[in-house]
Each structure stands twice: as C-alpha cells, then as structure tokens.
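Colleague: Sending over a structure as structure tokens; questions will come in a sec.
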C-alpha cells in the first residue's frame, strides 16, 4: 500500500454491515482508523452522511473503498479549495485500476450533465471510455465531482443535509453538487491529483440493480432540481427516452435491465411524496435560476448525439 504524503488526516471507515473480514483486518493493521459499524446496509448516501457527522476536519474527503492513489494526491485538492471560497468541491483525475491508460467509468476527469439529466465525463460517455493521453489534464470547472473521490467543505455538506438518503446509491454526488450550484458554488477537477478505481466492487456495472438506481435517481433529479415548469417540459422527452431505452434492452435480450428501467419509472410515479419533499428542499436553498445553472450543462440530448450521431468522445461533444 502506498502511503499518503498529506499528514493532517482523520480516517473514518463506515462499514455498511459487510459480511467479509474487512473490519477486523483494518482493526488489526490500522488501529488509528475510526470505524463506524452499521447494523444494516444503509446505502452509500446514508453511510457517507453518518461518517460526515463524526468528522472533525474542515474538509470532507469522500472516497470509495476500491481505490488506490498516488502518495501526493490530496494536497492539490486542498489547494484548490483554499484558493477560492466559491468552490465547494474538487475531484482528482480517476483512472481505471486494471488498465491505467484508461479513464475510469465513474468520474474520469470531471463530470457533466445534459439538459435531460444524463451524466457524462471528460473521458467517458455512456459505455465509451477513452484512453488518457493527457488531453484532459487542465483543471476546469465541471458540473459534478465523482463520488468515487472528491474533497468538499464540511460545513456546506452538512448545511445541504449531505447526500439525499432517498437515493440510496448512485447519482447522490450529482444531486449534491447541483445543490451547491444552486447556492452559487462552483465545482472543479484537478487532474494533477490521480487515483485508480477498481469499480463495481460493491455493485457490478452489469447489475440490473445498478441500472434501476441510475435511471430512477437521474429522473428524480430532473423532476426536483429544476423549476416546476422546466421539470414538466423536460420530463416529457425524458419519459419517452426511458421507454425507448427499456424496450431496447428487452429486444436486445437484456430483459432484466429493461425490467429494471420499468421499475424505475414505476417508483417515480408511485412516490409523489418524495418528489414534493425534494422540490421543497430545493426551493429553500435556490439562489440561482435554471438558466444560470444550465450554462454549465450540455444543451442538447446526449442520448441522440451518442446513439444517433455516433459522437463518442467529450471532445466531439464539446464541438457542439
């Protein structure tokens, strides 16, 4: 294991009722780690919230358990936050653990969003992952920082209520950073900081449950983080895209993934209370209009450009 050169650290391990010997391993080999053991699996969102309430530092470093890092990776992130009080969060460049010439699926070199709430990254659009050739090594403002690893201001994280626990897992970091933007904060990527992510260690990329959570939570963000009128307008084409995607999986013999998307739609329809609760919370913190937020969004359909126009890289998307 590579040691971290940044010494001013408090390490908190939140164990979501794991069934392996990871807790005993950490207790034996790293006694300085603070361990919080949950009596059930609360999901990534609530697990991070529990850990954040115990943290004593100025900043929170959200970090997945299936990552390794370069020894000097934390200081560049700290420097970004120290340099500008309007920046809420910053993520490192995230490369694939198994093939370190590839960007990682979850975050790559900074996250973005199209207007219909389909996320993508510099280095990854849907299932297309690019080689890292240094093309995205500039630190820039992004729309969201990956939950795989990002540094954020603890007081802001707690002020917003942390991750929305109704999401359980997936898209919670996008939701959080959208709220940061609504409160006039900015999000950055600092590619001089590098980590490597194994990916799918908790929930495999091929899992229908991952498909369910991603589609459900993405649609939920569209319905609750926009103004009411924009949510209504954008939800109609988004609903049609969901149906097309579900039927595409069914006809491609990915039946379980197609069913997962129908489950996601049914959850949205059958939980109006959660939709309204989230809308009220968003309204309380909103300081910017949608037009100001959408400046940092891709103002076209990523689905159309990727699947119909065959635009497979961030560079091609950027030209539009």
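Colleague: Fewest first, what order do 144, 267, 178 take by the number of other Cβ atoms within 10 Å? Each step should come with its number before you reach the end.
Modeller: Details: 144 27, 267 17, 178 23.
Ranking 144, 267, 178 by Cβ neighbours within 10 Å, fewest first, gives 267, 178, 144.
Colleague: Provide the FRET efficiency to the nearest 0.05 for the residue 53-residue 15 pair, computing r from the beta carbons and using R0 = 22 Å.
Modeller: Details: r = 15 Å, r/R0 = 0.70.
With R0 = 22 Å, the Cβ-Cβ based efficiency is 0.90.
Colleague: For the Cα atoms of the chain, what angle does the longest principal axis make with the long axis of helix 74-83, in degrees from 0 to 90, nearest 10?
Modeller: The angle comes out near 70 degrees.
Colleague: Who wins for biggest fluctuation among 25, 239, 262 in a Gaussian network model of the chain, springs between alpha carbons below 10 Å?
Modeller: Judging by the Gaussian network model, the answer is 25.
Colleague: Angle check, please: helix 228-251 long axis (alpha carbons) against the longest principal axis of the chain (alpha carbons), in degrees 0 to 90, nearest 10.
Modeller: Roughly 90 degrees, rounded to the nearest 10.
Colleague: Could you give the length gained by full extension between residue 128 and residue 75, i.e. 0.36 nm per residue of separation minus their alpha carbon distance, to one decimal place? Mind showing how you got there, number by number?
Modeller: Values: separation 53, 0.36 × 53 = 19.08 nm, distance 3.05 nm.
Extending this stretch completely gives an extra 16.0 nm.
Colleague: If I fit a long axis through the Cα atoms of helix 43-54 and take the longest principal axis of the Cα atoms of the chain, what angle between them do I get, 0 to 90°, rounded to 10?
Modeller: The angle comes out near 40 degrees.
Colleague: To continue, here is another question. Please report 287, 294 as a ranked list, fewest other C-beta atoms within 10 angstrom at the top and most at the bottom. Before the final figure, lay out each step's value.
Modeller: Values: 287 10, 294 14.
Lowest count first: 287, 294.
Colleague: Treat each spin label as a single point 7 Å out from the Cα along the C-beta direction, and report the residue 232 to residue 307 distance in nm.
Modeller: The modelled label-to-label distance comes out at 2.7 nm.
Colleague: Expected output is a single nm value to one decimal: the length gained when fully extending between residue 207 and residue 288, i.e. 0.36 nm times separation in residues minus the C-alpha distance. What is it?
Modeller: Numbers: separation 81, 0.36 × 81 = 29.16 nm, distance 3.67 nm.
Contour length minus Cα-Cα distance gives 25.5 nm.
Bear in mind that the values in this text are calculations on the coordinates, not laboratory data. These numbers come from a predicted model, not from an experiment. Please note: Cβ atoms are built from the backbone with ideal geometry, for glycine as well, and neighbour counts cover all protein chains shown.
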